[in-house]
Structure formats: structure tokens, C-alpha cells
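Engineer: Pasting in a structure now, in C-alpha cells, and then I'll have a few things to ask.
The values are calculated or read from the model by the stated rules, or taken from the named source; none is laboratory data. Being a predicted model, the structure only gives us computed values, none of them experimental. Backbone-built Cβ (ideal geometry, glycine too); neighbour counts: all protein chains shown.
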């Protein structure tokens, strides 16, 4: 069963941070913030992702959180603060 998977990271080294981003994209995850991705992954794919990211970070300073989420909880609990709609952006650009 695939669950929505949230990957959040805080990594100091630019090269490693870029590599983590590329790996997340390779797994079909979508960037939702500069250092955050989400998408559906099976348990096995999450484990593979964990192993790859662990190998990339190695002994460098950094933190990565891989959090599976129930789709119902995501829909019911999702709150977005101050997201601008395309209509709002068009109005600002006039």
C-alpha cells in the first residue's frame, strides 16, 4: 500500500543538499518547499529512499525526516497559511 510520504531535510553542505533533492525527484516526489518533498511511496520504496539518503549524507552534518502519512489525515488536517491564489497574483501585478 502506498502512503503519502513527507521528506523534510536540513543539510548544511550545498552539494549534499542538491543530491538529496535529486534523489527525492528520482522517487517521483514533488517539491512542496525548498527542503521538503511529498508523494506516494510504498513501504519498500520508503526503505530504499532511506538507505540512499543515509548513504549520501554519510557522516556529514544534517537531518532528514521521512514521514509516511495517511491520505485521509492529510486531506482532513491540511492547513495552508497565506498561500496566494493565481487570481490574487494577477490582481497584484496590475
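Engineer: For residues that are at pLDDT below 95 and in a strand (DSSP E or B), scanning just the range 12-37, find the one that is farthest from residue 61 (Cα to Cα).
Structural biologist: Per the criteria, the residue is 32.
Engineer: I would also like to ask the following. Could you grab me the full set of residues in the range 7-23 that are surrounded by 18 or more Cβ atoms within 10 Å (Cβ to Cβ) and closer than 11 Å to residue 66 by Cα?
Structural biologist: 7, 9
Engineer: Would you check if residue 4 is at pLDDT below 95 and surrounded by 11 or more Cβ atoms within 10 Å (Cβ to Cβ)? Before you say what the answer is, go through the steps one by one.
Structural biologist: Numbers: at pLDDT below 95: yes; surrounded by 11 or more Cβ atoms within 10 Å (Cβ to Cβ): yes.
The answer is yes for residue 4.
Engineer: Report, by residue number, each residue of the range 64-73 that is surrounded by 10 or more Cβ atoms within 10 Å (Cβ to Cβ) and either free of Cβ contacts under 8 Å to residues at least 40 places away in the same chain or not in a loop (DSSP other than H, G, I, E, B) (or both).
Structural biologist: 64, 65, 66, 67, 68, 69, 71, 73 - these are the residues of the range 64-73 that are surrounded by 10 or more Cβ atoms within 10 Å (Cβ to Cβ) and either free of Cβ contacts under 8 Å to residues at least 40 places away in the same chain or not in a loop (DSSP other than H, G, I, E, B) (or both).
Engineer: Could you check the range 3-20 and list, in sequence order, the residues that are more than 14 Å from residue 55 (Cα to Cα), in contact (Cβ under 8 Å) with a residue 12 or more places away in the chain and out of contact with any helix residue (DSSP H, G or I) (no Cβ under 8 Å at 6 or more places or on another chain)?
Structural biologist: Residues satisfying the conditions are 6, 8, 10, 12, 13.
Engineer: Is it the case that the range 48-62 has a residue that's assigned to a helix (DSSP H, G or I), closer than 13 Å to residue 2 by Cα and over 15 Å from the mean Cα position of the chain (by Cα)?
Structural biologist: No: the range 48-62 contains no residue that is assigned to a helix (DSSP H, G or I), closer than 13 Å to residue 2 by Cα and over 15 Å from the mean Cα position of the chain (by Cα).
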